[in-house]
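Worksheet: the structure to be examined is printed underneath.
The values are calculated or read from the model by the stated rules, or taken from the named source; none is laboratory data. In this text the structure is predicted, and so the values were computed from the model without any measurement. As a convention, Cβ positions derive from the backbone with ideal geometry for all residues, glycine included, and neighbour counts pool all protein chains shown. Surface areas here come from the heavy atoms of the whole protein model, side chains and all, with no ligands, DNA or RNA. Shrake-Rupley method; radii C 1.70, N 1.55, O 1.52, S 1.80 Å.
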Amino acid sequence: MTDQKKIAVVTGSNRGLGTEISRQLSQIGIQVILTSRNETDGLTTKQQLSSEGLDVDYHVLDVTDKVSVENFTNWLRETYGKVDILVNNAGINPTTKPEESSLLTVQLDTMRSTFDTNVLAVLRISQALIPLMKIQNYGRIVNISTEMASLNSVANDYYPLAPSYRLSKLGVNGLTVLLAKELFGSNILVNAYSPGWMKTDMGGDNAPFTAEEGAETAVYLATLPDGGAQGQFFAEMRKFGGPIQLQW
Ligand SMILES: NC(=O)c1ccc[n+]([C@@H]2O[C@H](COP(=O)([O-])OP(=O)(O)OC[C@H]3O[C@@H](n4cnc5c(N)ncnc54)[C@H](OP(=O)(O)O)[C@@H]3O)[C@@H](O)[C@H]2O)c1
């Protein structure tokens, strides 16, 4: 049966939005591969989803580690022979320290590590897995961004400056458009979306949305029909009652 199921990889799915996206994809019959950089954390999440009756697979994956990505890709090829859906969810937001709140004081090391996780790792895992999509000319890539990275509204919005985070997510947006351009005409669709401010470890308790709400747009983009959106930026569906495109 697994052969006929769509196979989805969700990065950083041991907690927060990644777990919820995995849960919702699994609930609609997609074979989800949970991944995490810490194996114990990932297996605990797998156990949690199993206790809910969901059949998810697991493999360790540190998206910033070249060898980890290679090992994961080899395992995926040998075990499933393909991948249909990639959700680039893993991310960091190191803006809690005061010096990280201003471009005049932000540490370049912080910039570098944030870009490494939030942008370069998205490119690395996409480069690794797109060949497993090309085999069947089918793929859906969902990049998790934020409306804080809309260049169109950055000059006027009310969000904190958060330089390393916002600039890295601008990189995610740029990567999404360029990758979609390169894949234009194929059945591999690449889109980004903003899940909204959510109650996760990253979002904190004051956030207005839950991860469950934030995951809806990921499921929508992960299951787009052939000929669906390519290289677009979406808002969280719960807030707008449906798929709404944001301006880059
Ligand atoms: N929360 C919000 O309000 C909000 C808003 C807009 C966008 N987003 C985006 O949504 C995504 C998920 O955020 P979240 O709120 O769920 O954050 P979170 O609770 O902090 O979870 C982040 C996840 O990313 C993983 N991760 C970090 N570095 C990794 C690496 N090198 N390799 C593999 N996994 C790694 C973490 O693993 P560990 O447990 O090992 O650290 C964790 O599973 C992020 O891309 C974030 O930027 C969040």
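A compact table of results
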read-out	value
Ile28 being within 21 Å of Glu213 (Cα to Cα), touching a residue at least 40 places away in the same chain (Cβ under 8 Å) and open to solvent by 20 Å² or more (accessible area, probe 1.4 Å)	yes
Scan of the stretch 223-243 for residues that are open to solvent by less than 60 Å² (accessible area, probe 1.4 Å), in contact (Cβ under 8 Å) with a residue 24 or more places away in the chain and more than 21 Å from Leu170 (Cα to Cα), ordered by number	Leu224, Gly228
The stretch 58-81 - residue that is of a type in the set (D, E, K, R) and surrounded by fewer than 18 Cβ atoms within 10 Å (Cβ to Cβ) and, of those, farthest from Asn118 (Cα to Cα)	Glu78
Count of residues meeting criterion [closer than 23 Å to Glu99 by Cα, open to solvent by less than 40 Å² (accessible area, probe 1.4 Å) and part of a helix (DSSP H, G or I)] in the stretch 161-218	7
All positions within the stretch 26-54 that are within 21 Å of Asp201 (Cβ to Cβ) and in a helix (DSSP H, G or I)	Glu39, Thr40, Asp41, Gly42, Leu43, Thr44, Thr45, Lys46, Gln47, Gln48, Leu49
Failed item in (1) within 14 Å of the ligand (Cβ to nearest atom); (2) buried (at least 21 other Cβ atoms within 10 Å of the Cβ), with Arg15 passing the rest	(2)
Among (1) modelled with pLDDT of 95 or more; (2) open to solvent by less than 60 Å² (accessible area, probe 1.4 Å), the one test that Ser153 misses	(1)
